[in-house]
Amino acid sequence: AVTVAGEHMKPNIVILATGGTIAGAAATETQAGYTSAEVGVETLIKAVPQLSELANVSGEQVANIGSQDMNDAVWLQLARRVNDRLAEDEVDGIVITHGTDTIEETAYFLNLVVNSDKPVVMTAAMRPATALSADGPLNIYNAVAVAADPNARGRGVLVVINDDIHGARGMTKTSTTDVQTFVSAERGLMGATLYGQNRYYRRPYRLHTLDSEFSITGLASLPRVDIIYISAGVSPDLIDAAVANGAKGIVTAGVGNGNMTAAALAALERARKKNVVVVRSTRVTSGTVGRNIEIDDDALGTVASGELNPAQSRVLLKLVLTKTDLPADVQAYFDTY
Ligand SMILES: NC(=O)C[C@H](N)C(=O)O
């Protein structure tokens, strides 16, 4: 093997690919319709030869799915690969390519169960790899630039997309099709990046990675948690059906400050009698859900999600349920993670 001068100095970054539009393909450069998760990790890496300026990059295909099909099994498999690869001394950081639809869920899940402070950087794209002005290649370049940066260590799982560096917690997709779709509404961006120039604005304000007490060691599955979307006149029997079908937790995407109809509240009381844990989140895109504001959480035994949206609340509740189902303890986790 020929050693290129300086190569041993460059960080070693592993790209774990899971699919998504970043690996998507269409028949032409200009059509709106496409299929996600069509191309493999080697093709993604070859599309960005400039990566060799930043790092020694290798790839591994963990899954190849549209992230709308992401599930507990792939989360557990992916988290195990991340932890195994980061345990290798020679691996300096991980980049994960993923779909945008559920990246906020996977990022937060990993943020809670990765046990390393080495950078874990997720990225994605809104346009398929074959599109005119595809956004994937630059996003991969930027993600590798952040993963290779020692200053990215200890900031929890990051999501680098469209020149922004998001913390895993609190970031969300806001546009179905715009390239600028991700927003960190309540606490702002973790940083920004421009062709390898990285700037960091803050550190995570909640426990993550090395400080997290959640672990996937020995976990074969995760408990079922269902999200119930609240609207005027929501059918309360959706809540009863979730309980009847084995949900151990329910997250409500409530109106306003986690509010809901009297009939939905009555259904949640029935769920509580069966010891199902209930977390009140909101369908509103910013702001927080606090305890005992219009709904008496103390009396009902419900938990307020704080800043976590319904999808991220579901992720946290799945992991919390591996530890406790006591509402006060669940609330403490929601106040700390
Ligand atoms: N832009 C995207 O990646 C959307 C795609 N459906 C996915 O999440 O896999």
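Among the residues of the stretch 105-125, which ones are within 11 Å of the ligand (Cβ to nearest atom) and either at pLDDT below 95 or buried (at least 24 other Cβ atoms within 10 Å of the Cβ) (or both)? If the condition is that a residue be within 11 Å of the ligand (Cβ to nearest atom) and either at pLDDT below 95 or buried (at least 24 other Cβ atoms within 10 Å of the Cβ) (or both), then Thr106, Thr123, Ala124, Ala125 are the ones that fit.
So that you can scan it fast, the table gives a plain yes or no per residue for (1) assigned to a strand (DSSP E or B); (2) surrounded by fewer than 21 Cβ atoms within 10 Å (Cβ to Cβ):
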{"residue": "Val251", "(1), (2)": "yes, no"}
{"residue": "Gly254", "(1), (2)": "yes, no"}
{"residue": "Arg272", "(1), (2)": "no, yes"}
{"residue": "Asn275", "(1), (2)": "no, yes"}
{"residue": "Val284", "(1), (2)": "no, yes"}
{"residue": "Asp298", "(1), (2)": "no, yes"}
{"residue": "Leu319", "(1), (2)": "no, no"}
{"residue": "Thr322", "(1), (2)": "no, yes"}
{"residue": "Val330", "(1), (2)": "no, no"}
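Tell me which residues, restricted to the stretch 49-83, are outside any helix (DSSP H, G or I), within 16 Å of the ligand (Cβ to nearest atom) and either of a type in the set (A, V, I, L, M) or closer than 19 Å to Val146 by Cβ (or both). Across the stretch 49-83, the qualifying residues are Val62, Ala63, Ile65, Met70. Between Leu207, Leu189, the distinction of being touching a residue at least 24 places away in the same chain (Cβ under 8 Å) and touching an Asp or Glu at 6+ places or on another chain (Cβ under 7 Å) belongs to Leu189 only. None of Asn198, Asn151, Asn139 is more than 16 Å from the ligand (Cβ to nearest atom), within 24 Å of Pro49 (Cβ to Cβ) and not in a loop (DSSP other than H, G, I, E, B) except Asn198.
One residue stands out among those in the stretch 41-55 that are over 15 Å from Ala25 (Cα atoms) and of a type outside the set (D, E, K, R): the one that is surrounded by the most Cβ atoms within 10 Å (Cβ to Cβ), which is Leu51.
The listed residues are Asp89, Asp101, and the only one of them that is of a type in the set (D, E, K, R), within 13 Å of the ligand (Cβ to nearest atom) and part of a loop (DSSP other than H, G, I, E, B) turns out to be Asp101. Checked against (1) touching a strand residue (DSSP E or B) at 6+ places or on another chain (Cβ under 8 Å); (2) part of a loop (DSSP other than H, G, I, E, B), Thr28 meets all criteria but (1).
The values are calculated or read from the model by the stated rules, or taken from the named source; none is laboratory data. The model shown is predicted, which means the values in this text are computed figures rather than measured ones. We place every Cβ from the backbone using ideal geometry, glycine too, and count neighbours over all the protein chains shown.
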